[in-house]
Structure formats: C-alpha cells, structure tokens
Amino acid sequence: MSKREWKLFIEDILESIRLIKNYAENMGFDDFKKDRKTIDAVVRNFEITGEASRFIWDK
C-alpha cells in the first residue's frame, strides 16, 4: 500500500488525461495509428491512470 494521499493519485490521473489529450489533439486516427511514439506515450499514460486508480478508496 502506498503512503501517498489519495488526492495525489487523483492529480496523477488528471495529469495523465491532460497529456493524452495533448498528444492526440489535432491528430486524426489514421495519423495516430502511424505514429509509434504518440501511441507509446498515450498507452503509457493510460497505464499510469490505471495504476493510480488502484489507490483511490471509496470514502
């Protein structure tokens, strides 16, 4: 169990969402699927979002 406060995990999730939006913004799907670096960046930020969500408890 992480000792970080749950609010920090929310911030991580929000930052990852912002990054995903910025990476894929103004890019059609055809361009996106050809850009390996953007795909990797987006996938990595989805991973971060998933990992961070594990530490958010129902209050």
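Please treat every number below as a calculation from the coordinates, not as lab data. As the structure is a prediction and not an experimental result, all values here were calculated from the model.
Express the Stokes-Einstein translational diffusion coefficient of the chain in µm² s⁻¹, to the nearest whole number, given a Kirkwood radius over alpha-carbon pairs, 4 °C and a viscosity of 1.567 mPa s.
Working: Rh = 12.4 Å.
For these conditions, the coefficient is 104 µm²/s.
Go ahead and estimate [θ] at 222 nm for the chain from helices alone: -39,500 (n - 2.57) per DSSP H run with n ≥ 4, summed, over the residue count, rounded to 500. Write out the running numbers ahead of the final one.
Details: 3 runs with 43 residues, N = 59.
That comes out to -23500 deg cm²/dmol.
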